[in-house]
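A quick write-up on the structure given underneath.
Every read-out reported here was derived from the displayed coordinates using simple, explicitly stated rules and does not represent laboratory data. Worth saying up front: this structure is predicted, and the values here are computed from it rather than measured. Please note: Cβ atoms are built from the backbone with ideal geometry, for glycine as well, and neighbour counts cover all protein chains shown.
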Amino acid sequence: MPVNKVKVGKQADFPLGRLSGVNVNGKMLLVVNLEGKLYAIEGICTHMNGKLWNGKLVGNNVKCPDHGTEYDVRNGKMMKKPAYPFGVAYDLKSYPVTIEGDEVMIDLS
């Protein structure tokens, strides 16, 4: 499988517990430092396009600021359906994150 790694910043750019939105080739991703490990998932909520980097970290989950949909930041799985009954929500794609030196790389393959 081909590897398509893209640099998104340095480790210091992603402090513990912060939700960070990054634009990678026109795609908005969410990068989270959870207990010292970096994770990347799609950054836009599948329910009604909320910006997850404006949400709240609740344990392993990011809670969308718009209607409360929750996703596990480790794998993108939807863990809680939205409070707003209209629309559909589904899992987000997750992306492997590696550290090369002090540079944070996301594999978009």
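Okay, here's what the table says:
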quantity: Residue exposure sequence - H47, H67 - by fewest surrounding Cβ within 10 Å; calculated: H67, H47
quantity: 3J(HN,Hα) from dihedral phi, region 63-78, Karplus parametrisation 6.51/-1.76/1.60, rounded to Hz, x for glycine, proline; calculated: 9, 4, x, 7, 10, x, 4, 10, 10, 6, 5, 7, 8, x, 5, 6
quantity: Gaussian network model of the chain, Cα within-10 Å springs - most flexible of Y84, Y71, Y95; calculated: Y84
quantity: Spatially proximal aspartates and glutamates relative to K63 (Cα-Cα < 14 Å; intrachain offsets below 8 disregarded); calculated: E42, D72, D91
quantity: Packing-based exposure ordering (other Cβ within 10 Å, fewest first) of S20, S109; calculated: S109, S20
quantity: Selection from N4, I106, M78 lying farthest towards where the dipole of the chain points positive, charges on Cβ; calculated: M78
quantity: Above-threshold pairs, the threshold being 21 Å between Cα atoms, out of K27/K80; K56/K80; K7/K56; calculated: K27/K80; K7/K56
quantity: Paired Rg and Dmax values of the chain, which use every Cα atom, in angstrom; calculated: 13.4, 45
quantity: Residues E42, E103, E35, E70, sorted so that the one with the fewest Cβ neighbours within 10 Å comes first; calculated: E35, E103, E42, E70
quantity: Shape call, region 1-62: gyration tensor on alpha carbons, a/c limit 1.5; calculated: oblate
